[in-house]
Amino acid sequence: MENFERIAILTSGGDAPGMNAAIRAVVRAGIKNKLEVYGVRRGYDGLINDDMIKLDSAAVSNIIQTGGTFLKTARSPEFLKKEGRARAYDSLKKHQVDGLIVIGGDGSFAGASLLSREQNFPVIGIPGTIDNDLYGTDYTIGFDTALNNVMTAVDKIRDTASSHNRIFFVEVMGREAGFIALRSGIACGAEAILIPEVDGQLDKLMDLMEKRVSQKRSSIIMVAEGEREGNIFDMAKMVEKKFKDQDVRVSILGHMQRGGSPTAFDRVTASRLGVAAVDALLNDQRSIMVGIANNEITHVPLNKTIKLNKSINKGLLEIVDILI
Ligand code: F6P
């Protein structure tokens, strides 16, 4: 075991519910292991500008139930540059930090991996993004809360959709991936789910609409924001054009998906991953992500999490085909 005395933690990229629970776990696990823990504010921007505070156990009281990240976050263009990363490393050295924990998604891990390699410095990643699009972990912190946010919103849309016999196209987040759309679509009983990982969905959609419109039934079409077969408004127009008497509406759920109190699942996942990240540092791991696979903690090289794509769950796709 290296002689660790001081570690730092930051959150980076889009915030995700459960990040606070992970920070709390890192701080408390660090203190249990007699480490000093520093919190970096505003992600890599704060690291570059030496914006750090010492965190004690009380500093992370009463935050497990809150959404967002109390350390704040940023997408840092400066950290993409080698000079930016060198300045960030200067801050770490100035405060005699021996290891860094980064909570974020693949963009944040790309920076973490470069910093670790360029400075030969231990960096551990904790997967935190609502998109769940990171290779090497079944779940990312925030995904479950986002699913529940979508489900609550779409249940409400369903009431009005069915009252008016309307077709609703609902767009959910996920960047280039369809994990949120697929799982929330199943949870909401969506009549169709359009995700970037599956081709040829538009023809199928038209056939399905033909049937439902003739039966005067409402429909929820869940569309991932990264869908490649077309823009949600164009798809809605296509359906409107073909079924002239049919009312069609579009609803973009947007950033409400990222907010709110984390679910129990996200709080527990975040707590497990926070403790695992401190353990990993103390066991001389460097440049890895701690993840969860088959409910066990795993260690995956940061490089792999950036380069490899996580595949969509085929079992869930089959369920969609059966249930629609
Ligand atoms: O990565 C999380 C995410 O919410 C994506 O689903 C979405 O595409 C993106 O961030 C939005 O980013 P911003 O909040 O910077 O607009």
Study note, to complete from the structure: Checked against a 27 Å limit on the C-alpha separation, the offending pairs among LYS237/LYS307; LYS216/LYS242; LYS34/LYS307; LYS216/LYS237 are LYS237/LYS307; LYS34/LYS307
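Quick check of the Kirkwood formula: for the chain, what is the inverse mean of 1/r over all pairs of different Cα atoms, in Å? Could you put the intermediate results ahead of the total?
Working: mean 1/r = 0.0484 Å⁻¹.
Mean inverse Cα-Cα distance, inverted, gives 20.6 Å.
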**Study point:** Centre separation in Å (Cα based) which lies between region 1-61 and region 70-104
**Key:** 12 Å
**Study point:** the chain: angle of helix 264-282 to the longest principal axis, Cα-based, in degrees nearest 10
**Key:** 30 degrees
Revision key, fill the gap. Packing-ranked peptide list from 156-162, 9-15, highest mean Cβ count within 10 angstrom first, is 9-15, 156-162
Review point. Any idea what the relative contact order of region 1-88 is, in percent, if you count C-alpha pairs under 8 Å spaced at least 6 apart?
Key: 38 percent
**Study point:** Contact order normalised by residue count of region 144-259, Cα under 8 Å, 6+ apart, percent
**Key:** 40 percent
Revision key, fill the gap. Karplus-derived 3J(HN,Hα) from phi for region 132-141 (6.51 cos²θ - 1.76 cosθ + 1.60, θ = phi - 60°), whole Hz, x at Gly and Pro, runs 6, 9, 9, 5, x, 9, 5, 9, 10, 5
Check your understanding: Antiparallel DSSP bridges in the chain: what percent, to the nearest 5?
Key -> 25 percent
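Could the peptides 293-299, 111-117, 32-38, 18-24 be put in order, highest first, of the mean number of other beta-carbon atoms found within 10 Å of their residues?
Details: 293-299: 11.6, 111-117: 22.6, 32-38: 17.0, 18-24: 28.9.
Listed from highest to lowest mean packing, they are 18-24, 111-117, 32-38, 293-299.
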Check your understanding: Which of the aspartates and glutamates could a cross-linker span from LYS32 if the Cα-Cα distance has to be under 19 Å and same-chain partners fewer than 8 positions apart are dropped?
Key -> GLU2, GLU5, ASP56, ASP98, ASP279, ASP284
Review point. Could you name the lysines in cross-link range of LYS314, using Cα to Cα under 29 Å and dropping any fewer than eight places away on the same chain?
Key: LYS156, LYS204, LYS211, LYS304
**Study point:** Net charge, ILE64 excluded, C-beta distance under 9 Å - Lys, Arg +1, Asp, Glu -1
**Key:** +2
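Read-outs: derived from the displayed coordinates by stated rules, not from any lab. In this text the structure is predicted, and so the values were computed from the model without any measurement. Cβ atoms come from the backbone with ideal geometry, glycine included; neighbour counts cover every protein chain shown.
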